[in-house]
């Protein structure tokens, strides 16, 4: 969800590029506010609270509040029931979303999503920007990427924290996206440990793990598989307390390496170089651009395309263990070493 929210902010920047004086409101779930805070292209963040999912009465009250506003356009980049209802209740001249046969009646304009990746913009950005076509038309030519905006105070505090764990002032810090958002999006523990050993064999950087508290045992299991020398370069217990703290800490890292997911999207939005491993069930081109050298995406499909012939996402998911078994770290070891030489030494 965080990646979706962050990526959708490109709509706001594009609107302001064409119409500098327009007012932009942005609906965001309360768990994702950290990635949109201080965004200069958003005038008002409308918070979608957890309680709206638990209480129909509370959600209805929220919808009535939306209805009181008079919008020129409502752009639904999410396309789920909650945002469908927001669009339905909103008073707007334009109501725009991606085409789905069962919700198209809600909107004045629907746009079919592009499903074929190319080497340019990631599909996630392409498909959001095209939602502006009905109101911008030929003016919809500005290309931008998601950005996160930190305050000087936040960055200074993060810098002080980082200095406290370094063994030398010039030591680099690498954020490790140690776990994916689910088992089918998580690189196997043994392979991940091997990847960490490679990092520590080719750099003296300090490594910190990114994981949520309720998955600490999974992260610990990977740490336990690492070599003794690798463990010396890992600060396992060094963790931020909030998502905003994590973002500030990430801004101080030389790189982010590991599983593709929300943390990778945040790193890109901070202009931190990334090296991420895509799950076999994910289409790399949906989130990755080949044109930005500092962001490297690794996909099994590029190394063993024959494994993907004649199979769909459902079949890959069913046999995810077999696909991951084939996704050995040796396949991309040279790419990782090159990345480390360029950004973490």
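The values are calculated or read from the model by the stated rules, or taken from the named source; none is laboratory data. Keep in mind the model is a prediction, meaning the values are calculated, not measured. Methodologically, a virtual Cβ is constructed for each residue, glycine included, from the backbone with ideal geometry; neighbour enumeration extends over all protein chains shown.
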Residues (buried (at least 16 other Cβ atoms within 10 Å of the Cβ) and not in a helix (DSSP H, G or I)) located in segment 283-306: 283, 287, 288, 289, 295, 296, 297, 298, 299
Selection within segment 255-269 - touching a strand residue (DSSP E or B) at 6+ places or on another chain (Cβ under 9 Å) and either assigned to a loop (DSSP other than H, G, I, E, B) or within 20 Å of residue 153 (Cα to Cα) (or both): 260, 261, 266, 267
Selection status of residue 140, touching a residue at least 24 places away in the same chain (Cβ under 8 Å), touching a helix residue (DSSP H, G or I) at 6+ places or on another chain (Cβ under 6 Å), crowded, with 17+ Cβ neighbours inside 10 Å and under 13 Å from residue 257 (Cβ atoms): no
Number of the exception - residue 252 against (1) touching a helix residue (DSSP H, G or I) at 6+ places or on another chain (Cβ under 7 Å); (2) part of a helix (DSSP H, G or I); (3) touching a residue at least 60 places away in the same chain (Cβ under 8 Å): (2)
Leading residue by the ranking (farthest from residue 124 (Cα to Cα)) among those in segment 50-92 that are in contact with a helix residue (DSSP H, G or I) (Cβ under 9 Å, 6 or more places away or on another chain) and in a strand (DSSP E or B): 91
Restricting segment 1-29 to residues that are out of contact with any helix residue (DSSP H, G or I) (no Cβ under 9 Å at 6 or more places or on another chain) and under 21 Å from residue 65 (Cα atoms), the residue that is surrounded by the fewest Cβ atoms within 10 Å (Cβ to Cβ): 23
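Out of curiosity, is residue 195 in the same structural domain as residue 266 (by TED's automatic domain parsing), farther than 24 Å from residue 324 by Cβ and modelled with pLDDT of 95 or more? Can you show your working first?
Numbers: in the same structural domain as residue 266 (by TED's automatic domain parsing): yes; farther than 24 Å from residue 324 by Cβ: no; modelled with pLDDT of 95 or more: yes.
Judged against the criteria, residue 195 is not a match.
So which of 95, 166, 147, 112 is touching a strand residue (DSSP E or B) at 6+ places or on another chain (Cβ under 9 Å) and within 20 Å of residue 287 (Cα to Cα)?
On the way: 95 fails: within 20 Å of residue 287 (Cα to Cα); 166 fails: within 20 Å of residue 287 (Cα to Cα); 147 fails: touching a strand residue (DSSP E or B) at 6+ places or on another chain (Cβ under 9 Å).
Only one candidate passes the filter, namely 112.
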